[in-house]
1. For region 63-71, check the following and say yes or no: at least one residue is surrounded by 15 or more Cβ atoms within 10 Å (Cβ to Cβ) and in contact with a Phe, Trp or Tyr (Cβ under 6 Å, 6 or more places away or on another chain).
2. Can you pull out every residue in region 1-57 that is of a type in the set (D, E, K, R) and in a loop (DSSP other than H, G, I, E, B)?
3. So residue 68 clears everything in (1) touching a Pro at 6+ places or on another chain (Cβ under 7 Å); (2) part of a loop (DSSP other than H, G, I, E, B); (3) polar (S, T, N, Q) except one condition, right? Which one?
4. When you scan region 120-135, do you find a residue that is at pLDDT below 70, basic (Lys, Arg) and surrounded by 10 or more Cβ atoms within 10 Å (Cβ to Cβ), even just one?
5. What are the residues in region 72-93 that are part of a helix (DSSP H, G or I) and either modelled with pLDDT under 95 or under 20 Å from residue 35 (Cα atoms) (or both), if any?
Amino acid sequence: MNLTLTQRRSAMLGIALIIVGLMAWLNLWWMIWPGGLAAIGVATYLPRRIMGRTSEAVQGGMWGLGLSILWLISFIWPGVLFLAGASLLIRGREQAIDERIQALFGRVRHSGSHALQRARSQQVPVVTHPATSYEPPVAQPAPQVGETTRLRE
């Protein structure tokens, strides 16, 4: 499904308005900053990864999601130092990290579709018994209105 840039922007605006409406309805205003930072992390990761700029994608995604988590747990100032240290430690290993992220997403997608497939199909055990002999059915008169028909084994 290929969407034009205008359609994508309008879809993103629609999703953002729905999210803000839910936040207002459920009084979740405290989620604005963490949610926004997480969205920035994802919005940084995806296009850069598609463009082949894996290092920028992983670093941007890590910073956006990391800051979001730090905001949620109220550990911003020391957490930024930890995040900066982690950013320096993963420098040069972004490609391997991206491969692990993609493998994780692949497993999650696969397990989700596998669970959905299992939910759609129900397995019923089939038991067969050897036939003994066949007795043709005995013709019976049609039941009258108000009569009960009893089945025999």
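1. Yes, region 63-71 has at least one match.
2. Listed by number, the list holds a single entry, 53.
3. Unmet for residue 68, out of (1) touching a Pro at 6+ places or on another chain (Cβ under 7 Å); (2) part of a loop (DSSP other than H, G, I, E, B); (3) polar (S, T, N, Q): (2).
4. Among the residues of region 120-135, not one is at pLDDT below 70, basic (Lys, Arg) and surrounded by 10 or more Cβ atoms within 10 Å (Cβ to Cβ), which makes the answer no.
5. Once the filter is applied, which keeps residues that are part of a helix (DSSP H, G or I) and either modelled with pLDDT under 95 or under 20 Å from residue 35 (Cα atoms) (or both), region 72-93 yields 72, 76, 77, 78, 79, 80, 83.
The values are calculated or read from the model by the stated rules, or taken from the named source; none is laboratory data. Predicted model only: the values in this text are computed from it and were never measured. FYI the Cβ positions are ideal-geometry reconstructions off the backbone, even for glycines, and counts take in every protein chain you see.
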